[in-house]
1. Would you confirm, using the coordinates I've provided, whether residue 18 is touching a strand residue (DSSP E or B) at 6+ places or on another chain (Cβ under 6 Å) and touching a residue at least 24 places away in the same chain (Cβ under 8 Å)?
2. All but one of (1) out of contact with any strand residue (DSSP E or B) (no Cβ under 7 Å at 6 or more places or on another chain); (2) modelled with pLDDT under 95; (3) buried (at least 17 other Cβ atoms within 10 Å of the Cβ) hold for residue 113; which doesn't?
3. Residues that are surrounded by fewer than 19 Cβ atoms within 10 Å (Cβ to Cβ), in contact with a helix residue (DSSP H, G or I) (Cβ under 7 Å, 6 or more places away or on another chain) and modelled with pLDDT of 95 or more: which helices (runs of 4 or more DSSP H) entirely in region 1-105 hold 2 or more of them?
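The values are calculated or read from the model by the stated rules, or taken from the named source; none is laboratory data. Every value quoted in this text rests on a predicted model; they were computed, and no experiment measured them. A quick note on method: Cβ atoms are made from the backbone with ideal geometry, for glycine too, and the neighbour counts reach across all protein chains shown.
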């Protein structure tokens with residue numbers, strides 16, 4: 001089990017959260033807590049960088065959906081970047097690849113946003 005580390009940085013499009021380690025039942029509340037304190041303005045893109053994600057269970061997927069809901073509630077969008085193959089497979093099986101903007105970087109993900117008008 002890898003401990004969860006969440007890093008935050010600002011980009012031109014909005015905040016970027018780096019999620020490193022295991023996102024599971026024990027650590028998903030840490031992501032939700034980080035999201036609660038996040039400044040996200042209307043129209044901004046919240047990027048979740050999953051390059052360092054080692055493991056993600058159903059609680060982790062739920063936390064990612066919480067990030068999407070938070071962004072929508074604040075008038076923004078969310079994108080997942082550098083999604084590991086095992087997590088991408090789970091997102092695809094659940095149909096969440098049709099809900100999340102997914103790409104190798106924030107710009108690519110935003111262009112692929114299935115819900116963008």
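1. Values: touching a strand residue (DSSP E or B) at 6+ places or on another chain (Cβ under 6 Å): yes; touching a residue at least 24 places away in the same chain (Cβ under 8 Å): yes.
So residue 18 fits the description; yes.
2. Here residue 113 clears every test but (1).
3. Result: 58-73.
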